[in-house]
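Shown next, in structure tokens, is the structure this report addresses.
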Amino acid sequence: MSLYENLLLNLENGVLIITINRADKLNALNIETIREIKAAIQQVYDDSAVKGAIFTGAGEKAFVAGADISEISELSDVNARSFAERGQEVFSMIERCTKPVIAAVNGFALGGGCELAMACHMRVASEGARFGQPEVNLGLIPGYGGTQRLTQLIGKGKAMELMMTADMIGANEAKALGLVNHVVPAVELMPKCMEIMNKIVSKAPLAIGLVIDCVNAVYDKDENGYQTEANSFARCCSSQDFIEGTNAFLEKRKPVFKGA
């Protein structure tokens, strides 16, 4: 797991902890880091030893404080679209991963950092975390899916306000808005994420993946979410995990799920 220049990867009891490791740049996302995130999330997809993933940032100041401005300043209308689409593709891979992905937000989550956190299935923040989409300060808009996911998570009016004013909000306000699931002291951040993750991965893996698929279908205009749910429910009922889960319930024992 040492093939990365800007990431640290650590597998703990089936949970892959992915740390954006550019603390001197407040973990800003450059093109190489996006490429490495794609490779890391592909590992989550492919490696059966990985049951879920947690994203966090190196150091105490930032989760990810945005994109690398030195690279953005070089963009033109010729290459800007592909720049945005590349990031959108990687963050969509995170969102659609059928293994649970949690953002452990340990500081500033701004611009691309907020977008990365929102692509994860849920967010746990330290008390000092700060969130925002300040791109209009640079004459830009969010380009990695922020206009879509922020609106989905907190609603149109508040999303419009945050993106047009470039205001930052604290962790507790983010929780009140529905952007964050939990707010904890900094020392409890990773333990809380691991507590949630361990609870999730103790459940039937196939069912967990289908929950993710069905919830994502809510926001897919080309998909009938109710039909996706019915199809997924039927798929569960043909699985060995369903047989094991129901038998374990009737036999008053803990189930042993195989993910099949």
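Nothing in this text is a laboratory measurement; each read-out follows from the coordinates by a stated rule. Quick caveat, the model's predicted, so the values are computed rather than measured. All Cβ positions, even for glycine, are placed from backbone atoms using ideal geometry, and neighbour counts span all protein chains on display.
Below, the figures for the structure above:
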item: For the chain, share of DSSP beta bridges that run antiparallel, in % to the nearest 5; result: 25
item: Charge dipole (debye, nearest 20) of the chain; +1 at Cβ of Lys and Arg, -1 at Cβ of Asp and Glu; result: 820
item: Leu29 long-range amide H proximity, modeled H, under 5 Å; result: Gly66, Ala67, Asp68
item: Dipole moment magnitude, nearest 20 debye, the stretch 103-225 about Cα centre, only Lys, Arg, Asp, Glu C-beta charged; result: 220
item: Estimated [θ] at 222 nm from DSSP helical runs (n ≥ 4, -39500 (n - 2.57)) normalised by residues in the chain, nearest 500; result: -14000 deg cm²/dmol
item: Which of Gln148, Ala62, Gly87, positive extreme of dipole for the stretch 27-157 (C-beta unit charges); result: Gln148
item: Burial ranking of peptide ranges 190-196, 107-113 (average Cβ count within 10 Å, highest at the top); result: 107-113, 190-196
item: Unsatisfied cross-links (Cα-Cα over 19 Å) in the set Lys38/Lys99; Lys199/Lys254; Lys99/Lys156; result: Lys99/Lys156
item: Length-normalised contact order for the chain - Cα pairs under 8 Å, 6+ apart - percent; result: 15
item: For Lys252, Lys38, Lys61, order by how many other beta-carbon atoms lie within 10 Å, fewest first; result: Lys252, Lys61, Lys38
item: Loop GluC sites (Glu not before Pro), the stretch 1-80 (other Cβ atoms within 10 Å of the site Cβ: 11 or fewer; DSSP); result: Glu5, Glu60, Glu74
item: Average Cα contact separation per residue, the stretch 187-260, under 8 Å, 6 or more apart, as relative contact order %; result: 31
item: Shape call, the stretch 162-242: gyration tensor on alpha carbons, a/c limit 1.5; result: oblate
item: Under-5 Å amide H pairs with Val15, H placed in peptide plane, nonlocal only; result: Lys51
item: Residues whose placed amide H lies under 5 Å from that of Gly57, excluding near-sequence neighbours; result: Ile20, Asn106
item: Charge-dipole axis of the stretch 7-201 as Lys and Arg at +1 and Asp and Glu at -1 on Cβ define it, positive-most pick from Leu116, Asn27, Ile102; result: Ile102
item: Cα shape, the stretch 24-151, gyration tensor, a/c 1.5 rule; result: oblate
item: Those trypsin sites (Lys or Arg not before Pro) in the stretch 76-107 that DSSP places in a loop and that have at most 11 other beta carbons within 10 Å; result: none
